[in-house]
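The values are calculated or read from the model by the stated rules, or taken from the named source; none is laboratory data. Here the structure is a predicted model, which means the values were calculated and not measured. All Cβ positions, even for glycine, are placed from backbone atoms using ideal geometry, and neighbour counts span all protein chains on display. When the accessible area is computed, the model is the full protein with side chains, heavy atoms only, and any ligands, DNA or RNA have been set aside. Shrake-Rupley method; radii C 1.70, N 1.55, O 1.52, S 1.80 Å.
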Amino acid sequence: MEVVSLRPKLVSFRATAFHGENKAASSGDAPWNFELTQTIELGLGSAQDVPAPLQAVVKIDLAAKASKADAAEQTAQFNASYEAKFEYPVATQESAVQPLFAEEPYQYLLVAQVFPLAMTHFRRELQSLGFDARHMPLGI
């Protein structure tokens, strides 16, 4: 992949929401059926009223449902939202970034920096609720 001259700097990453329910009793190595859905949104913009650098925003929503393979009535559900903000150099104009922002490799450049952070947090929260998430992938 070529080096992109208008590469923004990641300035913030935060978990904006997390909710989980796991009322199933822990039973060691019992297998679970696990379904993870991810929704990724990208946005480009700047503040109207204050002179500020152009920003790109990546929002990731994760939703997971799990059920025990041998007892389908024992379920667990987890939902989380994450947001990352990137800033471009001060002199960057939206007209220069907009054509790049529409290209998949450029979008991947942004999402690839945020997704592992979101998945690391998500796995830790699942583990804190008693769900073994050590084998969940961290990459896209």
Long-range tail of P(r) for the chain (Cα pairs > 19 Å, %): 57 percent
Hey, got a sec? Which trypsin sites (Lys or Arg not before Pro) in segment 85-140 land in a DSSP loop and have at most 16 other Cβ atoms within 10 Å? Arg134
With every protein chain in place, what's the accessible area of His19 (1.4 Å probe, Å², nearest 10)? 100 Å²
Once you keep just the Cα pairs under 8 angstrom separated by 6 or more residues, what percentage relative contact order results for the chain? 28 percent
Please give the length that would be gained between Phe13 and Ala91 if that part of the chain were fully extended, namely 0.36 nm times their separation in residues minus their C-alpha to C-alpha distance (nm, one decimal). 25.8 nm
Mind checking which lysines have their C-alpha under 30 Å from Lys23, skipping anything on the same chain fewer than 8 residues away? Lys59, Lys65, Lys68
Angle between the Cα long axis of helix 104-128 and the longest principal axis of the chain, 0 to 90 degrees, nearest 10? 30 degrees
